[in-house]
Amino acid sequence: MPGLIRLSGPYGYILSLLALVVLFVTIRAIRTLLRGTGPRAVVIRDQLNAVLFWGAVAGVMGFLGQCDGSYRALSIILRAREISADVVAEGFVISFVPTLFGLGILGFSVAAWGCLRLLARAPVKLPPALPPLFLLLLLGVFGCSRGTPGERPGDLAEGVWVMEAGPDQFLWEFSRDGETLGCVVHDMVGSRKMNETPCLEAVADGPRVTASMDTGVRLEGEVNLARGLLTGRLLYPDGSDMEVDLPWHRREAHPGFFPLGDAEASSSYSYSAPEERSDGWKVAPAAEVGIDPKALVEMVEGVARGEAGVLHSLLVARHGRLVMEEYFHGFGPETLHRIASCTKSVSSLLIGLAIQGGDISGPDAPVAGFFPEYRSALGSGWEDLTLEHLLTMSMALDWSPEEAENLHATGQEFFRRALSHSVSGTPGRDWAYVSANVNLVAGILHRATGMHAEAFAEESLFHPLGIESWNWDYGKTEGFNLMDGSLQLLPRDMAKIGQMVLDGGRWGGKQIVSEDWIRISTRRHLQAGEGSEGYGYLWWLMDAPVSEGDSVPVVFANGWGSQFIAVFPTLDLVMVTTGGNEYNGKHLAVAQLLGQYLLPAVSRLRP
Amino acid sequence: MSQFSSHLRHVASRLPIPEPARSRVLLEIATDMEDLFRHLVAGGMEEEAAATAVAEQFELSDDALQELSLIHSSPVSRSLESLSGQARSTWERVILGLMALFLIPGAAGGLFLQPTLYGDASPLAFLLMAILTLGLGLGLWKAIALFRPLPDGAPVPRQGLRTLPGLSLLLLSLGFAGVWVELYRSALAIRRAPELALRYLVEWLHMACATMVLALSAALLTALIWFFLENRAAHLEERSAAAILEPQG
């Protein structure tokens, strides 16, 4: 019964009230009948008619409820680009609930009226409309039993359900692929899609939906198609929960949901050269630098199809000229983007600049020497640790695996804590990707130059490169910047850094970073883990596959979520991407896109 | 109170029709008797003789009463009176009132305030709204007439009251007509582009639901207004009939 009322929407309450009224007037008629007092015939006739009257009112209200509920549901369904017959059918099954509820009350009242008429020994004369009404009632009951939600194909959950959380909107998208119900949570901020997280598991049983995330968060809810709501609870791993009402939205209501702003935009994409701006970049059409624009179009179409996951920008420069600048998912040229661990490669450049300026003697400078105040707190083995060990991720300190992965901190307390760790392996040989170590660079630069990293970068790197917009505030502590991954830059400025590295430290005809430092810092010093990638001074190196059996060397800054500054020296090519592939396992998907479309088109032109 | 009250009570006890038609027939007979009485007195007859003559004139046989009853209770009248005779107790009327005032608009959740509803419905929606407006206007006019104090002996102003259920029926009929006309148009569209059949059908259902929400709600509202006004008229008639049946003196 509570389910019946809930599924009937607001009409459920009206119909419940009418059911009570019918029950009451029926009991009243029975009591009058049993008492056998008063002007019996008139009273009985009036009271029996009242049973029928209120039953009819319930029938009419039930029908109105169905029309109202169906109208609302269909309004939502029609806003979807594609109409699923399953969803329409499922919606109608539910929309019939108030009608069946009303007809049930009417059926009861008719039955009660007939029985009481017999009891009153009054001649039973069926109204002509009664047989069809009974037939309708039987059909309704039959239809209800055949159409119980959950027994029919299709998922009411299919679509996008929106949860507001501060500036973020989390779009829970359910879609079915064959037997599997997929669920992806899209994080939108304004018109921009930041990232997406697939659910571990999603199950739909009629209107009931559950979805689990790998973080342990679980959504349990029920779809009310008539109200366009997914109502339920979010259950957190710590046992707490929160009631949520997620309204249904059109995907199209969020332009940033689709890579190119529209589900069908990819078919109409046409290549055009980037816009000329006064930021130092020279622009050119792709054909002028020996890149087939068709390859670029195919690459963008691949992005639009989601082959690179969530990509926010894709820039290509060749022979020193920017030939492609495309933005996706609501991002644009003026939007600063976190570059994540690409910040480490910027840190490498800053160390090079400090060495170039004579503030640091060289990569063999002992790290502990920059922190004399913590001499007493030093762990063992620090006397042998040099800047080169830090820059090549081979300090071999005894960080716990959790600290190594998750500790993103800076400031005096962090420096003291880092220096208190001891060497547990062979520095210079044991490579381990520990972001925390890189944050010591903030202290080193401050000690060596007297400036915090941001101010030093502004003066020695950003200003010479014409970089005017950046943000490095996140995680800043006591003026010390996070050096392992909190810098935000414009994609065009990221490309400038790549072009400068490609050109041996030169930009706009000026030597910004010494050619020696560029050469030494982008040279393969160690193998990075078990893979084939090499590691320089906070730069990655690998051979990018182009076609079967062929590859080209690439030096790249690598930030979580598909933030890349990739330099292809043999192709005289720079490519930059920013993205939101942090949680969908597609961090490296863009590499496949490059290998499939761009690199073959360029490498064919190699002399 | 009427000088013919004892005669009228005798007639009332033999009238084979339920309230409120019974009161209405009695009031009509009473008016006719008074008119004849005044006519005879004006013609020079003594009042006592005139009263006796009138009573004799209106000594109706059972057959005559049956005929009179039939005149006042056509099948339509009987159905409407049977319907309006429901929900006589206060609590039942309160529930109906609540449904009219709060529940229907409440359940519709502001749907009627959304211009999209009218755009989504059949073009007949505007005709439906025009008829509803007419019904509301008529209801207001009749409400003023029925709740204003009536002069003694004046008939209850029923003219136009039966138009309201007629309008209600018209609203429902137009709603269904709109739905079926649009279905025909959708069928034509599907014949032109069968690949879009599902979309056309869903669009038709959407329009049909919007139209029926409007038509049904408007019809219910009009019917409820009639229900309350009809009951008010019946109440006035029963009160007048009771007054004329009171014994003189």
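So, B:Ala42, is that one more than 24 Å from B:Asn231 (Cα to Cα), touching a Gly at 6+ places or on another chain (Cβ under 9 Å) and among the hydrophobic types (A, V, I, L, M, F, W, C) or not?
In short, no.
If you take the residues in the stretch A:206-235 that are surrounded by fewer than 15 Cβ atoms within 10 Å (Cβ to Cβ) and at pLDDT below 90, which one is farthest from A:Val310 (Cα to Cα)?
A:Gly216
Go through the stretch B:29-137 and tell me which helices (runs of 4 or more DSSP H), entirely inside it, have 3 or more residues that are more than 22 Å from the chain's Cα centre (by Cα), at pLDDT 75 or above and within 14 Å of chain A (Cβ to nearest Cβ).
By residue number, B:115-120.
I'd like the full set of residues that are of a type in the set (Val, Ile, Thr) and more than 8 Å from chain A (Cβ to nearest Cβ), limited to the stretch B:211-227.
Those that are of a type in the set (Val, Ile, Thr) and more than 8 Å from chain A (Cβ to nearest Cβ): B:Thr211, B:Thr222, B:Ile225.
With A:Asn481, A:Asn437 as the choices, which residue is closer than 21 Å to A:Ile339 by Cα, outside the structural domain of A:Leu378 (by TED's automatic domain parsing) and polar (S, T, N, Q)?
A:Asn481
Could you tell me whether the stretch A:336-353 includes any residue that is crowded, with 22+ Cβ neighbours inside 10 Å and free of Cβ contacts under 8 Å to residues at least 60 places away in the same chain?
So far as the stretch A:336-353 goes, no, none of its residues is crowded, with 22+ Cβ neighbours inside 10 Å and free of Cβ contacts under 8 Å to residues at least 60 places away in the same chain.
Please work out if B:Ser168 is hydroxyl-bearing (Ser, Thr, Tyr), in the same structural domain as B:Ile95 (by TED's automatic domain parsing) and in contact (Cβ under 8 Å) with a residue 12 or more places away in the chain.
yes
Tally time: how many residues in the stretch A:530-572 are surrounded by 23 or more Cβ atoms within 10 Å (Cβ to Cβ) and at positive phi?
3
Which pairs have Cβ atoms under 8 Å, sit 6 or more apart or on different chains, and link a residue in the stretch A:578-599 that is β-branched (Val, Ile, Thr) to one that is part of a helix (DSSP H, G or I) and at pLDDT 90 or above?
Here the result reads A:Thr578/A:Pro491; A:Thr578/A:Met494, each pair linking the stretch A:578-599 to a residue that is part of a helix (DSSP H, G or I) and at pLDDT 90 or above.
Residue-by-condition table, conditions (1) farther than 30 Å from B:Leu8 by Cα; (2) surrounded by fewer than 21 Cβ atoms within 10 Å (Cβ to Cβ); (3) not charged (D, E, K, R):
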{"residue": "B:Ser186", "(1), (2), (3)": "yes, yes, yes"}
{"residue": "B:Leu205", "(1), (2), (3)": "yes, no, yes"}
{"residue": "B:Ala210", "(1), (2), (3)": "yes, no, yes"}
{"residue": "B:Ala223", "(1), (2), (3)": "yes, no, yes"}
{"residue": "B:Trp226", "(1), (2), (3)": "no, no, yes"}
{"residue": "B:Glu238", "(1), (2), (3)": "no, yes, no"}
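Run A:Glu468 past the list (1) part of a helix (DSSP H, G or I); (2) among the acidic types (Asp, Glu); (3) over 16 Å from A:Gln356 (Cα atoms) and report the number of the one that doesn't hold.
For A:Glu468, the exception is condition (1).
Would a scan of the stretch A:336-350 turn up a residue that is in a strand (DSSP E or B), of a type in the set (Ser, Thr, Tyr) and on the phi < 0 side of the Ramachandran plot?
no
Could you pull out the residue among A:Thr197, A:Thr215 that is β-branched (Val, Ile, Thr) and assigned to a strand (DSSP E or B)?
That would be A:Thr197, the only listed residue that is β-branched (Val, Ile, Thr) and assigned to a strand (DSSP E or B).
Quickly run through the stretch A:294-335 and pick out the residues that are farther than 20 Å from A:Asp493 by Cβ, in contact with a helix residue (DSSP H, G or I) (Cβ under 8 Å, 6 or more places away or on another chain) and in a loop (DSSP other than H, G, I, E, B).
A:Arg305, A:Glu307, A:Ala308, A:Gly309 - these are the residues of the stretch A:294-335 that are farther than 20 Å from A:Asp493 by Cβ, in contact with a helix residue (DSSP H, G or I) (Cβ under 8 Å, 6 or more places away or on another chain) and in a loop (DSSP other than H, G, I, E, B).
The conditions are (1) more than 23 Å from A:Pro333 (Cβ to Cβ); (2) of a type in the set (A, V, I, L, M, F, W, C); (3) buried (at least 24 other Cβ atoms within 10 Å of the Cβ), and A:Met575 fails exactly one of them. Which is it?
Unmet for A:Met575, out of (1) more than 23 Å from A:Pro333 (Cβ to Cβ); (2) of a type in the set (A, V, I, L, M, F, W, C); (3) buried (at least 24 other Cβ atoms within 10 Å of the Cβ): (1).
Considering every residue within the stretch A:96-116, establish whether at least one is within 10 Å of chain B (Cβ to nearest Cβ), surrounded by fewer than 21 Cβ atoms within 10 Å (Cβ to Cβ) and at pLDDT 70 or above.
Checking the stretch A:96-116: not a single residue is within 10 Å of chain B (Cβ to nearest Cβ), surrounded by fewer than 21 Cβ atoms within 10 Å (Cβ to Cβ) and at pLDDT 70 or above.
Going by what's in this entry, would B:Ala208 be described as small (Gly, Ala, Ser) and within 12 Å of chain A (Cβ to nearest Cβ)?
yes
When you check B:Tyr184 against the structure, is it among the aromatic types (Phe, Trp, Tyr) and either outside any helix (DSSP H, G or I) or within 14 Å of another protein chain (Cβ to nearest Cβ) (or both), yes or no?
No, not satisfied.
Identify, by number, the condition in (1) surrounded by 15 or more Cβ atoms within 10 Å (Cβ to Cβ); (2) part of a helix (DSSP H, G or I) that A:Arg375 doesn't meet.
(1)
Mind checking whether some residue in the stretch A:494-506 is touching a Cys at 6+ places or on another chain (Cβ under 8 Å), within 30 Å of A:Pro259 (Cα to Cα) and either not in a strand (DSSP E or B) or not assigned by TED's automatic domain parsing to the domain that holds A:Glu413 (or both)?
The answer is yes; a qualifying residue exists.
Return yes or no: is A:Gly529 farther than 21 Å from A:Asn406 by Cβ and not assigned by TED's automatic domain parsing to the domain that holds A:Leu353?
In short, no.
Return the total of residues in the stretch A:424-437 being more than 11 Å from A:Trp399 (Cβ to Cβ) and touching a helix residue (DSSP H, G or I) at 6+ places or on another chain (Cβ under 7 Å).
Qualifying residue count for the region: 2.
The values are calculated or read from the model by the stated rules, or taken from the named source; none is laboratory data. These figures come from a predicted structure and were not determined experimentally. No Cβ is skipped: glycine too gets one built from the backbone with ideal geometry, and neighbour counts run over all protein chains shown.
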